[in-house]
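Report on the structure given below.
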Amino acid sequence: MSTDQRTRAWVDVSARALRENYRQVQETAGEGVRVIPMVKADAYGLGMTQCVKALEPLDPWGYGVAAVEEGVRLRELGISRPVVVLSPVPPGSFLHAVKARLSVSVGELGALARLRDAARTAGLPGRFHLEVDTGMGRAGFDWHRAGDWASQVEALLGPPLEWEGCHTHFHSADSSDPEPTSLQWRRLMGVLEILPSRPKGLLLHACNSAGALRRSDLAADAVRPGIFLYGGAAGEGLPDPTPVASLRARIVLIREAVAGSTVGYGATYTAREPERWATVAVGYGDGLPRLLGNRGEGVVRGRKVPVIGRISMDVTVLNVTGVEGVEVGDVVTFFGRDGRETITLEEVADHAQTISNEILTGLTQRLPRIWTDDGGY
Ligand SMILES: *Cc1c(COP(=O)(O)O)cnc(C)c1O
């Protein structure tokens with residue numbers, strides 16, 4: 001294990017764990033179902049390049065991104081599979097999307113017209129997935145009004161447009177109550193009934209991680225997992241993912257704090273008796289949430305110890321009183337595995353009053369992502 005990048009603070013990422021989670025999604029969704037890994041936001045902060053390299057041998061149908069620029073990056077990496085931009089495309093980006101042979105999600109007539117114009121300009125096909133809004137309310141043709149827009153969509157169809165897919169997005173698949181998801185599905189089915197001449201082989205997809213793991217009955221032709229691949233739990237009562245990422249940093253100072261010593265901005269923690277404190281070289285400037293002050297934990301030498309005081313931009317202090325042998329240079333794990341101890345992403349997210357997606361995408365560029373097959377364990 002090379003340590004040259006592991007000098008201050010870093011993220012260990014396991015390609016094997018990523019692939020294990022992918023296989024679990026594939027198995028649960030069913031063998032014939034295609035997988036569209038969501039690699040938006042730099043693969044949820046873990047690094048799109050390495051992520052795609054790890055997933056390519058598993059033969060995904062294609063990749064999902066949120067921004068045209070992300071799709072262009074995939075093409076620059078030599079990816080020739082379909083790439084779908086699954087968030088609404090800004091008006092000025094259609095031509096870039098078409099030139100990079102990306103497929104774009106279309107959820108209103110204006111977008112379909114812009115895509116057609118861009119495709120004409122480029123002399124290339126304008127590939128799209130028609131999004132139906134069944135309750136998410138942020139994108140897609142409104143299911144309530146399908147009677148109005150269906151014929152207008154039909155009028156725009158034909159070359160250079162290529163209708164590749166049709167999809168919706170579930171808002172509550174993480175919940176154990178199946179009803180909201182079933183209702184959204186019924187709405188989608190209702191819209192499909194009145195949609196114009198659908199091409200053969202149209203790819204139907206609806207499920208995110210939670211949907212794919214909970215509702216294999218709704219897996220349709222393809223599923224779009226994100227967070228579960230990256231080691232985040234998908235929802236209530238669902239199987240745990242294999243941890244993929246670990247946030248680690250080195251102890252850079254140890255002090256014997258006398259009773260009455262205070263730590264951090266606002267002096268929000270005071271030693272009641274003599275204590276041993278370790279300053280660790282990671283802070284909110286690295287993406288360690290500031291809400292973990294006086295609340296979060298780290299693992300050092302196989303023991304969980306508390307964060308004390310507020311988290312600074314660059315450092316965090318732990319109370320390591322009673323932990324045998326702690327010294328400067330030791331590695332602290334803030335989430336992930338260390339020997340027999342694990343801090344899950346969910347524990348960190350709970351402490352920080354957010355979701356694991358935000359913890360991962362909040363990790364800043366100051367942290368090198370170190371991809372190995374085993375995640376450096
Ligand atoms: C991000 C995203 C997903 C993946 O969701 P997860 O909950 O991370 O699995 C799927 N579909 C769309 C349209 C998305 O934007």
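The values are calculated or read from the model by the stated rules, or taken from the named source; none is laboratory data. All values derive from a computational prediction rather than experimental measurement. Every residue, glycine as well, gets a Cβ built from its backbone with ideal geometry; the counts of neighbours run over all protein chains shown. Areas reflect the complete protein model, heavy atoms only, side chains present, ligands, DNA and RNA absent. Shrake-Rupley method; radii C 1.70, N 1.55, O 1.52, S 1.80 Å.
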ask   = the range 10-67: which trypsin sites (Lys or Arg not before Pro) are DSSP loop and have at most 13 other beta-carbon atoms within 10 angstrom?
value = none
message = Please identify the DSSP H helices in the chain that span no less than 18 Å along the helix axis (Cα) and have a mean Kyte-Doolittle hydropathy of -1.0 or more.
response = 109-122, 179-194
Span from the the range 230-304 Cα centroid across to the the range 35-60 one, whole angstrom = 29
query = List the GluC sites (Glu not before Pro) in the range 1-47 that DSSP assigns to loop (not H, G, I, E or B) and whose Cβ has at most 14 other Cβ atoms within 10 Å. Which are they?
reply = GLU31
message = Which of rounded, prolate or oblate describes the range 15-230 when judged by the alpha-carbon gyration tensor and an a/c cut-off of 1.5?
response = oblate
query = List the aspartates and glutamates whose alpha-carbon lies under 14 Å from that of LYS200, not counting same-chain residues fewer than 8 positions away?
reply = GLU162, GLU164, ASP221
message = Can you divide the C-alpha Rg of the chain by 2.2 N^0.38 Å and report the result to two decimal places?
response = 1.13
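Kindly report the accessible area of the chain per residue (heavy atoms of protein chains, probe 1.4 Å, no ligands, DNA or RNA), in Å².
Values: 16250 Å² over 377 residues.
Using a 1.4 Å probe on heavy atoms only, each residue of the chain averages 43 Å².
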